[in-house]
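Note sheet for the following structure.
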Amino acid sequence: MSINATLIGMGAFVALVLFVLLPALLVLVSRRSQGTEKVLWVLACLFASWLGFLGFMVVTGIRARRTAQG
């Protein structure tokens, strides 16, 4: 195996790992949740990736609108 093929393989692996971990990282830095709830959302994103992140965005968005309405 050549060096170029190895670098391409490593780059693909890093991209895949970032693609899978990105939702959990986005939840981790978000201000929409805190404490235990944030930990549970991070776990949901680790197990369900983008589907968990979509759930996080929907649920926290609905809660934010309800809070803003009074």
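None of the figures in this text is laboratory data; all of them are computed from the coordinates on show. Keep in mind it's a predicted model, so treat the numbers as computed, not measured. Note: ideal-geometry Cβ built from the backbone for every residue, glycine included; neighbour counts use all protein chains shown.
A few points about this structure:
- Verdict on residue 16 being in contact (Cβ under 8 Å) with a residue 12 or more places away in the chain and not small (Gly, Ala, Ser): no
- Residue within segment 25-40 that is out of contact with any Phe, Trp or Tyr (no Cβ under 7 Å at 6 or more places or on another chain), outside any helix (DSSP H, G or I) and of a type in the set (A, V, I, L, M) present: no
- Residue among 64, 48 that is among the hydrophobic types (A, V, I, L, M, F, W, C) and either loosely packed, with under 10 Cβ neighbours inside 10 Å or in contact (Cβ under 8 Å) with a residue 24 or more places away in the chain (or both): 64
- Selected residue (criterion: farthest from residue 23 (Cα to Cα)) from residues of segment 51-61 that are surrounded by 13 or more Cβ atoms within 10 Å (Cβ to Cβ) and of a type outside the set (S, T, N, Q): 59
- Any hit, segment 34-42, residues being touching a Gly at 6+ places or on another chain (Cβ under 8 Å) and surrounded by 10 or more Cβ atoms within 10 Å (Cβ to Cβ): yes
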